[in-house]
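Asks: Submitted below is the structure of interest, expressed as structure tokens.
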Amino acid sequence: MRLKGTLAISAFMIALISVLSTLIVVWAPRRASAKSEPQTPAELWFSWSSEAKQEYVRGYLSGFLEGKRAGCAFYAEKILPYTPHKAVPPEELPRQACLSALPDFKEPYFTKYVDTITDYYKKFPNDPQAGVSRILLESATPPGLTIDQIHEKLTR
């Protein structure tokens, strides 16, 4: 009887140690990662590699361009039947007018936009209003705002 009780206590202790070990293994990384997770848009940006920053900007710009084209094509398709049937210069057609009205990213290199975002976050690291996509949008032309102008606009 005493042997069974000792075995039961030993089995219970082993099970308890296993459960506690599992909890420590699961809890410890979460606690460490909670401390190191970026808290601001600037911290997030600076936590990315150069390649990740380039890819984000490339993806944003290509998505913006495709969205702009698709949106303006949809608009032209819906509005064209309602326009007067008279000769209209090509630049005034609904699709062209729409494309011209939206911001454009004119810089030929993604690095220029990566640098703009990096410079913004170096100068204004605690600005919670300045997400990466917002900085990109505000640096498009027109108007093509500077980082100081973007900050002023976002903190009004």
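The values are calculated or read from the model by the stated rules, or taken from the named source; none is laboratory data. These numbers were taken from a predicted model, which means no experiment stands behind them. For neighbour counting, all protein chains shown are included, and Cβ atoms are generated from backbone atoms with ideal geometry for every residue, glycine included. Note: accessible area is taken over every heavy atom of the protein model, side chains too, but ligands, DNA and RNA are not part of it. Shrake-Rupley method; radii C 1.70, N 1.55, O 1.52, S 1.80 Å.
Asks: Report ARG95's accessible area, 1.4 Å probe, all protein chains in place, as a number in Å² to the nearest 10.
Replies: Result for ARG95: roughly 90 Å² accessible.
Asks: Could you sort PHE74, PHE105, PHE46 by their accessible area in this structure, using a 1.4 Å probe and putting the largest first?
Replies: Correct descending sequence by accessible area is PHE74, PHE46, PHE105.
Asks: Pull out the extension gain between LEU137 and ALA97, defined as 0.36 nm times the separation in residues minus the alpha carbon to alpha carbon distance; nm, one decimal.
Replies: Gain in length upon complete extension: 12.5 nm.
Asks: Tell me, what HN-Hα J-couplings in whole Hz come from the Karplus equation 6.51 cos²θ - 1.76 cosθ + 1.60 at θ = phi - 60° for each residue of segment 47-64, using x for Gly and Pro?
Replies: Once θ is set to phi - 60°, the couplings for segment 47-64 become 7, 7, 6, 4, 5, 5, 4, 4, 5, 4, 5, 4, x, 4, 5, 5, x, 5 Hz.
Asks: Then there is this: How many nm is it between the label spots at THR146 and GLU43, if each spot is 7 Å from the Cα in line with the beta carbon?
Replies: Inter-label distance under the simple model: 3.0 nm.
Asks: Mind scanning LYS53/LYS106; LYS68/LYS112; LYS53/LYS123; LYS78/LYS112; LYS53/LYS78 and naming the pairs with a C-alpha gap bigger than 27 Å?
Replies: LYS78/LYS112; LYS53/LYS78
Asks: Kindly state, to the nearest 0.05, the FRET efficiency for LEU80 paired with LYS106, given R0 = 22 Å and r defined as their beta-carbon distance.
Replies: Once the sixth-power term is evaluated, E becomes 0.20.
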